[in-house]
């Protein structure tokens with residue numbers, strides 16, 4: 001690694017819930033610098049979740065993130081002219097980022113409803129252990145399990 005590692009920026013909580021993880025999620029949804037649009041999407045999705053479940057949407061969001069976030073991932077390593085898929089353990093911040101990314105990708109892949117409705121449905125499905133994002137996590141875990149023999153190539 002060249003140079004110094006960039007310092008982590010302090011992220012303030014979001015406006016409505018004052019929760020750092022929700023603020024990060026809003027930033028991941030944001031595109032082209034339109035933060036208010038991303039906030040509207042997330043807060044509308046949380047309102048839909050609140051109506052459907054009669055529970056705190058933050059609790060359901062955190063439950064969904066735990067079920068979506070991966071514990072291990074596979075990375076390609078070149079060893080002696082051959083490429084191996086080596087399983088690595090995923091650390092905290094990256095785990096949250098990957099979970100958010102999969103949740104957003106699975107939400108965007110569905111068509112028909114508004115983004116807020118699709119996001120609310122995907123979060124609800126993920127909190128129950130279902131949905132495309134949870135399947136993606138299971139596939140990555142299966143891949144890591146099947147390539148466990150190459151774990152000694154990890155540094």
Given the conditions (1) over 12 Å from the mean Cα position of the chain (by Cα); (2) not in a helix (DSSP H, G or I), every one holds for residue 51 apart from (2)
Criterion: crowded, with 16+ Cβ neighbours inside 10 Å, closer than 26 Å to residue 132 by Cβ, modelled with pLDDT of 95 or more and out of contact with any helix residue (DSSP H, G or I) (no Cβ under 7 Å at 6 or more places or on another chain) - qualifying residue of 45, 23
23
What residue, among those in the range 66-98 that are touching a strand residue (DSSP E or B) at 6+ places or on another chain (Cβ under 8 Å), without any contact (Cβ under 8 Å) to a residue 40 or more places away in the chain and surrounded by 15 or more Cβ atoms within 10 Å (Cβ to Cβ), is farthest from residue 28 (Cα to Cα)?
90
Take the conditions farther than 20 Å from residue 134 by Cβ, out of contact with any helix residue (DSSP H, G or I) (no Cβ under 6 Å at 6 or more places or on another chain) and not in a loop (DSSP other than H, G, I, E, B) and apply them to residue 83. Does it pass?
yes
Under the condition of being surrounded by 18 or more Cβ atoms within 10 Å (Cβ to Cβ) and in contact with a strand residue (DSSP E or B) (Cβ under 7 Å, 6 or more places away or on another chain), which residue from the range 99-144 is nearest to residue 37 (Cα to Cα)?
140
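The values are calculated or read from the model by the stated rules, or taken from the named source; none is laboratory data. The shown structure was predicted, so the numbers you read here are calculated from the model rather than taken from an experiment. Don't worry about glycine lacking a Cβ; one is built from the backbone with ideal geometry, like all the others, and counts go over all protein chains shown.
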